[in-house]
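The values are calculated or read from the model by the stated rules, or taken from the named source; none is laboratory data. Everything numeric here is computed off the predicted structure, so don't read it as measured data. Glycine gets a Cβ as well: all are built from the backbone with ideal geometry, and neighbour counts include every protein chain shown. Accessible surface areas use protein heavy atoms only, side chains included; no ligands, DNA or RNA. Shrake-Rupley method; radii C 1.70, N 1.55, O 1.52, S 1.80 Å.
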Amino acid sequence: MAGRSPRVLREMLDFDYSLLLSGQYHDMLLSGLMLSIKLACVTLVCALPLALFIALLRLSPVRPLQWLGFAYVESIRNIPLLAHMLFWYFAAPEFLPESFREWLYAGNIEAISAIVALTLYTAAFMSEDIRSGIRAIPIVQLEAGRALGFGYLASMRLVVLPQALRVTVAPLISQTLNLWKNTSIATVVGVAELMYQAGQVETATFRSLESFAFATSAYLSVSLLITGAAAWYQHRYVQAKSR
Amino acid sequence: MRISLLSSAVAVALSLVSAGVFADVAAIKNKGEIVIGTLGTDEPNSFVDPKTRQIIGYEIDLGNEIAKDLGVKPVYKQIAVAARIPELQQGRVDLLAASLTHNKEREALVDFSYSVLITGQKAMVKKSSGVTALDQLAGEKILTVKGGTQEPNILKALPTAKVVTFDTSQQALLALQQGKGKAFVDDESALNNDFAKIGAGAKGYAILPENLSTEALALALPKDSGDLKVAVDKTLARLESSGEAEKLYLKWYGPGTKSNQAERHFKIDSDQVE
């Protein structure tokens, strides 16, 4: 730090809490946090059914459906989320019919593209976890269901999936954590979520330490909440089962 | 409010990690080179020549002159719009020639040389949107680049506007072309450039005549860098009095270029702004 002016040092160590607790910048950061949470919740609600569907595709007895599931998972998983975001924001909407497109662009196209990209991306990873969970259940369970007269989907729904999902909750929680952190990537398509707002506050006030400290602690708090939910689930359901 | 011990330890550790050589003339002459931060994406201030793949431009020529007067080699480091001031503050560059606007808020963080370019920020719209004046953009979606003075200026001029920002001005322009916003705001020179880049399609676009702001662009130096600022201002004064500064302006902004300005409307002689 030789030669750095004492004023700069003092400014770096001067942590301005008032910035984070009230006023215009606090509101910006808070609205960013709310939007991040909204993005994560909407994506989770959309991605779980999609992931289940893809997992069942990959496990179905019909070969073409297996290939479909395989193609989906491999193509989506191997492309970075950033590329997905840019594709769904800049490239994909251009193929829509004009009137629908105009209506979409006048609305919140940024958030919608981000949610589509996040949903597809998260569902690809979650479907693999769900598939592993289903495969962890001995095949005899499915055979027993079929022997009782249920079809493939019915035996999945009534016999295998309830057991499988109990096993899958732990990896799904970790995918949810990833999803929560991945919402920050939406900043590149202009979604005003937490990282974007932290950057805006930094540009406006030049106080990087405060704005990114807020963002970091916000991400950490929600992540700890999600992990806490996982721990509670483990305690409540899994322990009971193994008795 | 004073920070806790842990946070100050982290801050100190971070600053040690990022410590560069503090810019002053003796240190620069010792190194034999001056590291100049530039954008490389802002024609004609600094941009990559497609044939030679070198960064060239108005600010690059000024940087070369400054390096020549100091007797050192200029080394150009390409940085992003949002990273300009942090890079200078952390000592990773000695000088900024990166289309930096000189304003009062930034004076607290960096020192500015004589203003080298007076320009404004304007809005580009699609002719089909029917917008002909700035106040028609109230409440509309406006696109621009992150990390510069564009967004604060838009909100000052149009408080109800919904501003969406992107990492590069090229992405913001693409979004305008796709119809994701009503207007694209950027420096006047950048807009003129984009007009030329859009080529034939430029007939469908118009630049609104009102200025969102007037900006003085200047070279930036680290805070309290006494003798480096004196040296840079001396070079700029020399170029101005010999007429070379005007020639450089006309070379990059004058007739025949994309900006196609007939003449220069300012002088490089002052580092004061309102």
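Brief remarks on what is shown
- Hull-based mean projected area of chain A, where the convex hull spans the alpha carbons, in square nanometres: 19.4 nm²
- Distances between placed amide hydrogens fall under 5 Å for B:LYS77 paired with B:ILE36, B:GLY37, B:THR38, all partners being 5 or more residues away or on another chain.
- With the simple model of a label 7 Å out from the Cα in the direction of the Cβ, B:LYS197 to B:ALA133 spans 3.1 nm.
- Dimensionless Rg/Rh of chain B - Kirkwood Rh, Rg from C-alpha atoms: 0.99
- Virtual paramagnetic centre 7 Å along Cα→Cβ of A:ARG157, amide N under 20 Å, in segment A:37-73: A:46-62
- Couplings 3J(HN,Hα) for segment B:90-99, derived from phi with the Karplus relation 6.51 cos²θ - 1.76 cosθ + 1.60 (θ = phi - 60°), are 8, x, 7, 10, 8, 8, 10, 10, 9, 6 Hz, where x marks Gly and Pro.
- Here the gap between A:PHE212 and A:VAL140, fully extended at 0.36 nm per residue and compared with their Cα-Cα distance, gives a gain of 20.7 nm.
- Summarising the overall dimensions of segment A:121-243 from its C-alpha atoms, the Rg and Dmax are 20.6, 69 angstrom.
- Residues whose amide H lies under 5 Å from that of B:LYS162, counting only those 5 or more places away or on a different chain, are B:GLY139, B:GLU140, B:LYS141, B:ILE142; hydrogens are built 1.01 Å from N in the peptide plane.
- The loop-placed GluC sites (Glu not before Pro) in segment B:171-231, going by DSSP, that have at most 15 neighbouring Cβ atoms within 10 Å of their Cβ come out as B:GLU210.
- Size-normalised alpha-carbon gyration radius of segment B:62-212, reference 2.2 N^0.38 Å: 1.16
- Scattering profile of the protein assembly as shown at q = 0.07, 0.09 Å⁻¹ [log10 I(q)/I(0), Debye over alpha-carbon scatterers]: -0.51, -0.78
- Buried accessible surface for the B/A pair, both sides summed and rounded to the nearest 100, is 2800 Å² with a 1.4 Å probe.
- J(HN,Hα) series, segment A:78-84, from Karplus relation 6.51 cos²θ - 1.76 cosθ + 1.60, nearest Hz, glycine and proline x: 8, 10, x, 4, 4, 5, 4
- With contacts taken as Cα pairs under 8 Å at a separation of at least 6 residues, segment A:92-243 carries a relative contact order of 22 percent.
- Whole-Å distance, taken between Cα centres, linking segment B:62-108 and segment A:150-187: 51 Å
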